[in-house]
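Reviewing the structure listed below.
The values are calculated or read from the model by the stated rules, or taken from the named source; none is laboratory data. Predicted model, so just to flag it, every value in this text is computed and none were measured. Glycine also receives a Cβ, built like all others from the backbone with ideal geometry; neighbour counts cover every protein chain displayed. Only protein heavy atoms, including side chains, enter the accessible area calculation; ligands, DNA and RNA are left aside. Shrake-Rupley method; radii C 1.70, N 1.55, O 1.52, S 1.80 Å.
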Amino acid sequence: MSESDRPRLNFYAGGRLDRAGLRRRDQEWVERLLSDPQSRFVPVWRQQSFILQAEMPAPAVLSAETAGDLIRAASEIALLGLEGDAETGTAYFAIELSSLEAPETDPILSSVGRFADIRSVGPLLGQQEGQLLAYARGILHWHNRHRFCGVCGAPTVSEEAGHQRRCTNSACNAVHFPRTDPAVIMAVTDGERLLLGRQASWPPGMHSVLAGFVEPGESLEEAVAREVKEEVGIVVEDVRYHSSQPWPFPSSIMLGFSARATSTEIRLSPEEIAQAAWYTREQLRTSPENETFRLPRRDSIARRLVEDWIKGE
Ligand SMILES: [Zn+2]
């Protein structure tokens, strides 16, 4: 496969860390990495990412020495993976600091960076930087939401370097794995035009392709067809996979598709969508990008689906 044939990565994908999925089961190895001066720590506070105090946003990653007391204060720690060689590489850990009441008053944290919502800085980050922060935020969010067993209600504890949780009730002993909720997102065309809609809660002017969560007992293609029918009353066929994007805000993966409409009359479902219309390539190429009409965020697969369609891809 040549470089040009390779599918372009969506933002928040393309991390450089080896997740060490088998080795992280070795608790002694993980403990050694936790106290290894070479290890690096990615703080998360109440779903906000730690960003350097600099003109251009970049992840603020702490050394083991700097993170010392913060590691001890962390309510959860998860091994994100290793950078470089499997034997001598640098370990990266996500550390959950939400128990701190005011991180801006912590002398170490405030000397290095500040906490910000990744969605407010995402488009300004490099690809791997965005992936690192999204991954750390996603795995820690899962821990926060699974502190109790969904089977019996007893507390759960983290295992396997933060990649599973186990129920502490020995009669139950259920194991819970990090979850990712699949959502489909689709570029629906009538051949010449692209269907875009907007929800009332979105930023002013923003229009995007349709999307929705996959339900139990349906295929991805069926979810695409059902969502389009529900939201705008249009039947689609020829549903084809495009690409996917991690979207751990808080816990989704976006699965991108294209689909062809068999009719063009829009019948809106007002609870789902406030407005929808067909747009030509020319209309989208000359989008004013203002409060009357703007395309989705630059770091989203929604934007990429629109741009690829404009380019005829
Ligand atoms: Zn249980």
Heavy-atom accessible surface of region 42-118: percent carbon and sulfur, 1.4 Å:
50 percent
Under the Karplus relation with 6.51, -1.76 and 1.60 and θ = phi - 60°, whole-Hz ³J(HN,Hα) for region 88-100, x at Gly and Pro, equal 10, x, 8, 7, 10, 10, 8, 10, 8, 10, 4, 6, 5
With charges only on Cβ, +1 for K and R and -1 for D and E, what is the dipole size of the chain about its Cα centre, in debye, rounded to 20?
140 debye
For region 205-309, state which GluC sites (Glu not before Pro) are in a DSSP loop and have at most 15 other beta carbons lying within 10 Å of their beta carbon.
GLU218, GLU265, GLU271, GLU272, GLU289, GLU291
Neighbourhood net charge (12 Å Cβ-Cβ; Lys/Arg +1, Asp/Glu -1) for LEU70:
-3
State to the nearest 20 debye the size of the charge dipole of region 160-199 about its Cα centre, where the only charges are +1 on K and R beta carbons and -1 on D and E beta carbons.
220 debye
Using DSSP to define loop residues, name the trypsin sites (Lys or Arg not before Pro) in region 205-313 whose beta-carbon has at most 13 other beta-carbon atoms within 10 Å.
ARG267, ARG298, LYS311
Net charge of Cβ neighbours under 13 Å - reference SER251; Lys, Arg +1; Asp, Glu -1:
+2
With the Cα gyration tensor of region 1-103 giving a ≥ b ≥ c as the square roots of its eigenvalues, does the rule (a/c under 1.5 for rounded; else a/b larger than b/c for prolate; else oblate) give rounded, prolate or oblate?
oblate
Going by alpha carbons, how many degrees (0 to 90, nearest 10) lie between the helix axis of 127-145 and the longest principal axis of the chain?
70 degrees
Any trypsin sites (Lys or Arg not before Pro) in region 1-103 that lie in a DSSP loop and have at most 15 other Cβ atoms within 10 Å would be ARG8, ARG16, ARG19, ARG46
Per residue, the convex hull volume that the Cα atoms of region 214-263 enclose (Å³):
80 Å³
Cα convex hull of region 216-302: mean projected area in nm², to one decimal?
7.1 nm²
Can you give me the angle between helix 220-232 and the longest principal axis of the chain, using Cα atoms only, in degrees from 0 to 90, rounded to the nearest 10?
60 degrees
Cα-based helix-to-principal-axis angle, 64-73 vs the chain, degrees rounded to 10:
90 degrees
Rounded to whole Å and ordered largest first, report the semi-axes of the equivalent ellipsoid of the chain derived from its Cα gyration tensor (root of 5λ).
39, 23, 19
Rounded to whole Å², per residue accessible area for the chain with a 1.4 Å probe reads 50 Å²
Taking a ≥ b ≥ c as the square roots of the eigenvalues of the Cα gyration tensor of region 79-126, is the shape rounded (a/c under 1.5), prolate (a/b larger than b/c) or oblate?
oblate
